[in-house]
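**Student:** Pasting a structure below so you can have a look.
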Amino acid sequence: MQGTNRVVVAMSGGVDSSVAAAFLKERGFEVVGISMQLWDYSEGGESGGGATGGSCCSLEDIHDARRVADALEIPFYVVNMERPFLSEVVDYFVKGYMDGETPNPCIKCNEVMKFRLLMRKALELDAGFLATGHYARITVDDGGTYHLLKGLDEGKDQSYFLFTMTQDQMKRVLFPVGGLRKDEVRGYAARLGLRVAEKKDSQEICFIEGSSYTDFVVTRGGGGPGGPITDTSGNVLGSHAGLFRYTIGQRRGLDIRDGRGPYYVVDMDMERNRLVVGSRDELYASGLVARNVNWTGRPMTDGQPLTVKIRYRHPGAGAVLTHLDGGRVKIVFSEPQKAVTPGQAAVFYSGEEVVGGGWIERALR
């Protein structure tokens, strides 16, 4: 492979990607820093229009990344990717809510923006590798198969967001901080005198600023009509203001006053535009069906035991898998799981390894 000593580092302006760049330079790599401008926050700006007044997460983040690159004495570039971000991530996010699902834009951003488009840019720069600040690890066995593993710091592990990775991508990706704890990363940055050493981690959806996600969906997608709230037997208990405003497991904001609660959202009936609520016990599902399944290596076989995470902070549940048609799988849990949410990712683990994952299509009761 050409340029195998050159590595492009996706620099977000945070401490993790900054230390990733420093770590690689210290080990003799030729490091090139790149920040992606993804979202226009300029006054009156329209994302996708090529404006330079804003970014994702913010213009200040790009400034921080540039300052770190200057301190490390590495070249640094900003690439405008607003148009693909709008079509591949933002539109996906809005459509998910309009379809009665709860989308995960961070996974889609990793899949498309980093490991497809930015990887393409890295190869154009004759780099052998793309590096990010993710808390995950990649190993390769004697047979040349790559394995995606959890980050060493269990509390910061981000392997859940990476299940869409392929073998071809993994052989070109580096996760320099995946084998470190967060306090070690901050300590490393402090020793280098990097101003981002104590910078807080980003927690919010990066392209939503100054408004709720519901306001954002209304602005970009038009929202949706109101309709009835029913219990699982079909009894009308109230009315909702649009299914996109709710998610599975939600308790607050239902405005049901029959005195028998508490109620939780257990289903979105898109065909009848009904919000279905039930008791806490009715939140639990025996399994799920996942679509668009990706295997990071060899696909698992029917009946093979695995651990499934149904959201980022989910501890994981024992399960068995059955293949269905059309790139789908059926997952049956060893014990019922709470708030299985369509649109979220179901990620499959074998021990510390991410073996695959897919998008939750529906819960099984």
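**Student:** Scan region 12-21 and give yes if some residue there is within 22 Å of the chain's Cα centre (by Cα), modelled with pLDDT of 95 or more, in the same structural domain as Lys156 (by TED's automatic domain parsing) and among the charged types (D, E, K, R), otherwise no.
**Tutor:** Taking every residue of region 12-21 in turn, at least one turns out to be within 22 Å of the chain's Cα centre (by Cα), modelled with pLDDT of 95 or more, in the same structural domain as Lys156 (by TED's automatic domain parsing) and among the charged types (D, E, K, R).
**Student:** Return yes when Val89 is buried (at least 21 other Cβ atoms within 10 Å of the Cβ), in the same structural domain as Arg186 (by TED's automatic domain parsing), modelled with pLDDT of 95 or more and within 18 Å of the chain's Cα centre (by Cα) and no when it is not. I'd like the intermediate steps shown before the answer.
**Tutor:** On the way: buried (at least 21 other Cβ atoms within 10 Å of the Cβ): yes; in the same structural domain as Arg186 (by TED's automatic domain parsing): yes; modelled with pLDDT of 95 or more: yes; within 18 Å of the chain's Cα centre (by Cα): yes.
For Val89, the condition - buried (at least 21 other Cβ atoms within 10 Å of the Cβ), in the same structural domain as Arg186 (by TED's automatic domain parsing), modelled with pLDDT of 95 or more and within 18 Å of the chain's Cα centre (by Cα) - is met.
**Student:** Could you please find all residues in region 171-220 being surrounded by fewer than 16 Cβ atoms within 10 Å (Cβ to Cβ), among the basic types (Lys, Arg) and under 21 Å from Leu38 (Cβ atoms)?
**Tutor:** Selection gives Lys200 alone.
One line per residue, one yes/no per condition, for (1) part of a strand (DSSP E or B); (2) at pLDDT below 95:
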position: Leu254; (1), (2): no, yes
position: Pro262; (1), (2): no, yes
position: Met268; (1), (2): yes, no
position: Leu275; (1), (2): yes, no
position: Thr322; (1), (2): yes, no
position: Gly326; (1), (2): no, no
position: Ser334; (1), (2): yes, no
position: Pro342; (1), (2): no, no
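**Student:** Follow-up question, since we're still on this one. Got at least one residue in region 205-213 being free of Cβ contacts under 8 Å to residues at least 40 places away in the same chain, more than 23 Å from Asp99 (Cα to Cα) and assigned by TED's automatic domain parsing to the domain that holds Tyr92? Talk me through it step by step, then tell me what you get.
**Tutor:** Filtering region 205-213 for residues free of Cβ contacts under 8 Å to residues at least 40 places away in the same chain gives 208, 210-212.
Narrowing further to those that are more than 23 Å from Asp99 (Cα to Cα): 210.
This time we only want the ones that are assigned by TED's automatic domain parsing to the domain that holds Tyr92, so: none.
Within region 205-213 (the criterion being free of Cβ contacts under 8 Å to residues at least 40 places away in the same chain, more than 23 Å from Asp99 (Cα to Cα) and assigned by TED's automatic domain parsing to the domain that holds Tyr92), the answer is no, since none of the residues qualifies.
**Student:** If I go through region 169-214 residue by residue, how many of them are closer than 17 Å to Gly151 by Cβ and of a type in the set (Lys, Arg)?
**Tutor:** 3
**Student:** Every residue in region 81-114 that is in contact with an Asp or Glu (Cβ under 9 Å, 6 or more places away or on another chain) and within 21 Å of Met170 (Cα to Cα), please.
**Tutor:** Of everything in region 81-114, those that are in contact with an Asp or Glu (Cβ under 9 Å, 6 or more places away or on another chain) and within 21 Å of Met170 (Cα to Cα) turn out to be Lys108, Cys109, Glu111, Val112, Met113.
**Student:** Within the group Arg245, Arg257, which residue is of a type in the set (D, E, K, R) and surrounded by 11 or more Cβ atoms within 10 Å (Cβ to Cβ)?
**Tutor:** On the way: Arg257 fails: surrounded by 11 or more Cβ atoms within 10 Å (Cβ to Cβ).
After applying the criteria, what remains is Arg245.
**Student:** Can you give me the number of residues within region 285-304 that are more than 26 Å from Asp168 (Cα to Cα) and surrounded by fewer than 14 Cβ atoms within 10 Å (Cβ to Cβ)?
**Tutor:** The first filter runs over region 285-304 and keeps only residues more than 26 Å from Asp168 (Cα to Cα), leaving 285-289, 303.
Checking the rest, the ones that are also surrounded by fewer than 14 Cβ atoms within 10 Å (Cβ to Cβ) come to 303.
The qualifying residues number 1.
**Student:** Another question, then. For region 25-36, name all the residues that are crowded, with 21+ Cβ neighbours inside 10 Å and more than 15 Å from Met119 (Cβ to Cβ).
**Tutor:** Matches in region 25-36: Phe29, Val31, Gly33, Ser35.
**Student:** Considering only residues that are of a type in the set (Asp, Glu) and not in a helix (DSSP H, G or I), look in region 199-233 and name the one that is modelled with the highest pLDDT. Lay out the reasoning, then the answer.
**Tutor:** So in region 199-233, the residues of a type in the set (Asp, Glu) come out as 201, 204, 209, 215, 231.
Now narrow it down to the ones that are not in a helix (DSSP H, G or I): 201, 204, 209, 231.
On the way: Asp201: 88, Glu204: 71, Glu209: 72, Asp231: 96.
In this case the residue turns out to be Asp231.
**Student:** Give Val185, Val196 a once-over and let me know the one that is under 27 Å from Tyr77 (Cβ atoms), outside any helix (DSSP H, G or I) and in contact (Cβ under 8 Å) with a residue 12 or more places away in the chain. Give the steps one after another, and end with the answer.
**Tutor:** On the way: Val185 fails: outside any helix (DSSP H, G or I).
Result of the check over Val185, Val196: Val196.
**Student:** I need every pair where a residue in region 264-288 that is touching a residue at least 12 places away in the same chain (Cβ under 8 Å) and closer than 20 Å to Lys330 by Cα has its Cβ under 7 Å from the Cβ of a residue that is polar (S, T, N, Q) and assigned to a strand (DSSP E or B), sequence separation at least 6 or different chains.
**Tutor:** Tyr284/Gln337; Ala285/Gln337
**Student:** Let me ask something additional. I'm trying to understand the selection: among the residues of region 294-321, which are of a type in the set (Gly, Ala, Ser) and free of Cβ contacts under 8 Å to residues at least 60 places away in the same chain?
**Tutor:** Residues of region 294-321 of a type in the set (Gly, Ala, Ser): 297, 303, 316-319.
Passing the criteria: Gly303, Gly316, Ala317, Gly318, Ala319.
The values are calculated or read from the model by the stated rules, or taken from the named source; none is laboratory data. Quick caveat: nothing in here was measured; it's all calculated off a predicted structure. Positions of Cβ are backbone-derived with ideal geometry, glycine not excepted, and every protein chain shown enters the neighbour counts.
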